[in-house]
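The values are calculated or read from the model by the stated rules, or taken from the named source; none is laboratory data. Predicted model, so just to flag it, every value in this text is computed and none were measured. Quick reminder, even Gly has a Cβ in these numbers, built from the backbone with ideal geometry, and neighbours come from all protein chains shown. Accessible surface is based on the protein model in full, side chains and every heavy atom, while ligands, DNA and RNA are left aside. Shrake-Rupley method; radii C 1.70, N 1.55, O 1.52, S 1.80 Å.
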Amino acid sequence: MDQVAQSKQTNVSGAGRAAMGRRNYALGLVAALLVIAMFAALRAMAPIAIPVVIAVFVALAVLPMDRAVAERLPKPLSWLGRAFVMVFLLSILAMFIVGLSYCVTQIATQLPDVSERLSNVLLERASSGQGNTDVWTAALTQLRNMLDDQGAALADMAFNWASGVAQGVASSTGALLAGLFLVLFLVLLALSEADNWAAKLDNILTERDRPWRQMTTRLGQAWRRFLATRAVMGLITAVAYTLWFLPFDLDLLLVWGILTFLMNFIPNLGSIVSGVLPSIYAFLTLDPGTALLLAAGLVLIEQVIGNWLDPRVQGNSVAVSPLVILVAVLFWGWFWGIAGAFLATPITLAIMIFCNYVRALRPLALLLSNQRRAADLDDALSG
């Protein structure tokens, strides 16, 4: 009898485990379908979702400034703090647009001259016999003749590209201005409602749920530290690049400096772009030896700044794995374009902090971070 009862109990427990396994599988499948549906919705709602996400992170970035200015003013004039913040945001936005437009315009106008300058360099090398062989001289001469034949086509292509960029910017100006107005309006509303929402959450959340309030606080702190660090490191890198370019008499110094500063806000991938573009331009406009020396200097500068100075300035303020950030930049750049590339880091940071507050998702938060233990991740986020 005991054996029969034990056998029945074993069958029941086995059936229970099988049922639990099927339920977990079904829950996992439903969760995967929900994630796919969510991303499909975000992709379809990009014209609305992107301004909303940008507004959330901008509001988190400027919230302390808004409160600091408002606290120093009489209560009837506290609205001046919000006005100051909006003027500050408009100034930053105007500088960003003017800088980016200047870079695009300058590069587009220089493209037609690249073929002619490269052709002249090849002619000098061929005539001076720097290759020391007839084969090398013949190859240079043939390449120069090819460039002469294709120079007009390259100039026309560059002109058409520049015209297309100008027409695209002009045609999208209305949509761009509408999106910027929506972002600024959402930021203004978010700043105005911040204290009310804080009071609502305090009223709704129980004492046990209070740590959730810390999530937005930690996200805001980490996001502001990231922006401050990127701005400082971008300025240092831009100055270092510009000073390195000076002895080589490289054109478009201001363009490379502005691009280096702006690309610094896209971790990992941005530094590659800001180094590759001037190196390619140097290869097209200078002799190969000088271009190689210039590119080697950029690699050295990037190694010193990226591997020594940047970690000491930034510390663990972001705490996201560099590999995860690079994958996130590639994914969100494909998903939402250039806006997604800039939003990749804050979105990944928000996902990591959210997962760190959900017990079942803490292992995922640790995988996304640059820490080895969950306790180290907690210390990095709290610091």
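Note down the nm distance, to one decimal, between modelled labels 7 Å out along Cα→Cβ at residue 42 and at residue 338.
The answer from the label model is 2.1 nm.
Each residue of segment 178-190 in turn: what ³J(HN,Hα) in whole Hz from Karplus with 6.51, -1.76, 1.60 and θ = phi - 60°, glycine and Pro shown as x?
Couplings: 5, x, 5, 4, 5, 4, 5, 5, 5, 5, 4, 5, 5 Hz.
How much of the pair distance distribution for segment 189-303 lies past 22 Å, counting alpha-carbon pairs only, in percent? Mind dumping the intermediate values first?
On the way: 3266 of 6555 pairs.
Tail fraction, whole percent: 50.
Using only Cα positions of segment 242-336, each an equal point scatterer, no hydration layer, compute I(q)/I(0) via Debye at q = 0.16, 0.20, 0.21 Å⁻¹ and quote the log10 values to two decimals.
-0.74, -1.02, -1.09
Please compute P(r) over all alpha-carbon pairs of segment 295-378, binned at 5 Å starting from zero, and give each bin as a whole-number percent.
With a bin width of 5 Å, the distribution comes to 3, 15, 19, 19, 19, 15, 6, 2, 1, 0.
Using a basic spin-label model with each label point 7 Å from the Cα along Cα→Cβ, how many nm lie between residue 382 and residue 100?
So the two model labels end up 3.9 nm from each other.
Can you pull out the trypsin sites (Lys or Arg not before Pro) in segment 317-383 that DSSP calls coil and that have at most 15 other Cβ atoms within 10 Å? Before the final figure, lay out each step's value.
Details: sites: 359, 372, 373; in loops: 372, 373.
Passing both the DSSP loop test and the Cβ count: 372, 373.
Determine the order of 97, 353, 204 by accessible area, beginning with the largest, at a probe radius of 1.4 Å. Please list the in-between numbers first.
Working: 97 65, 353 0, 204 125 Å².
Reading off the accessible areas and sorting them downward yields 204, 97, 353.
Multiplying the sequence separation of residue 323 and residue 52 by 0.36 nm and subtracting their Cα-Cα distance, what value in nm do you get?
Details: separation 271, 0.36 × 271 = 97.56 nm, distance 2.67 nm.
Taking 0.36 nm per residue and subtracting the Cα distance, the gain is 94.9 nm.
Which FRET efficiency value, to the nearest 0.05, do you get for residue 199 and residue 269 by plugging their Cβ-Cβ distance into 1/(1 + (r/R0)^6) with R0 = 56 Å?
Result of the calculation: an efficiency of 0.85.
Measure off 7 Å from each Cα along the Cα-to-Cβ vector at residue 248 and residue 71, then give the distance between these two points in nanometres to one decimal.
4.8
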